[in-house]
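The structure appears below as structure tokens.
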Amino acid sequence: MTEWFEQWFGEEYHALYPHRDEEEARRAVARVQKAAPGAPRAWLLALACGAGRHADELERLGARVVGFDLSPSMLRRARARMRGPLVRGDMRSLPFRPGTFGLAVNLFTSFGYFRDDAEHHLVVRQVYASLHSGGRFVLDYLNADHVRRTLRKGTEEVDAPTDVRVRRRFSEEGKYVVKEIELGAENRSFQERVRLFGPTELRGLLEEAGFRVDAVFGDYEGGPLDGRATRTILVATRP
């Protein structure tokens, strides 16, 4: 049985989101640069790199980037933007030698996709192993409290080339935010399902793997992670 993320991040995803925000990508990368100023001198792992928006910006700043993603469609688009190596695979089984990277980034809520939290722990341990001593990991995630407070439940029509309806809800146990996408013209449906990890839980994931959490932000400008924050951005170091 395939999982939702194995089906969704293909051409249908690009049709629904044809122009992801480039300015947002620049702001995210600027935060990475400030949090880990030595990044351009180290090999950098863009974990779940998607179509390469962030990796392209990191390369522009001089970083040597390895893009890693499960979706062939995403990697094809990343290839059109990036110069560095691209690797297809599952983040639960990273194929890199221990200590390969000086920096790993996981941006734009590209985490929390699994039903079993043991697999989320596994991913973080894999990232830890891929970094050399002193290497850093920047995790850019949703702010679960903000999502719970602001989610507009129900069905909405989406301005897209095809008839698209999107329904957002919380899972029955309240641990996940779920987006159900119906492509009416094609009579097909997809789902996004992301774990609502709070900031304390994310910090715990990193520290359990051996990381030291050095900084926490609530937005790309470096604002505090308070009640108004829209993001949870953690900067951690492998001692």
Check your understanding: Taking only protein heavy atoms and a 1.4 Å probe, what accessible area per residue, in Å², does the stretch 81-223 have with all protein chains in place?
Key -> 49
Review point. Sorted by average packing, counted as other Cβ atoms within 10 angstrom per residue and highest first, what order do 28-37, 117-126, 163-172 take?
Key: 28-37, 117-126, 163-172
Check your understanding: Quick one: if you stick a label point 7 Å off each Cα along the C-beta vector at V87 and A30, how many nm between them?
Key -> 3.1
Review point. If you place +1 on the Cβ of every Lys and Arg and -1 on the Cβ of every Asp and Glu, how big does the dipole about the Cα centre of the stretch 184-225 come out, in debye to the nearest 20?
Key: 180
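The values are calculated or read from the model by the stated rules, or taken from the named source; none is laboratory data. Predicted model only: the values in this text are computed from it and were never measured. When we count neighbours, we look across all protein chains shown, and the Cβ atoms used for this are built from the backbone with ideal geometry, even at glycine. To get the accessible areas, we keep the full protein, side chains included, count just its heavy atoms, and leave off ligands, DNA and RNA. Shrake-Rupley method; radii C 1.70, N 1.55, O 1.52, S 1.80 Å.
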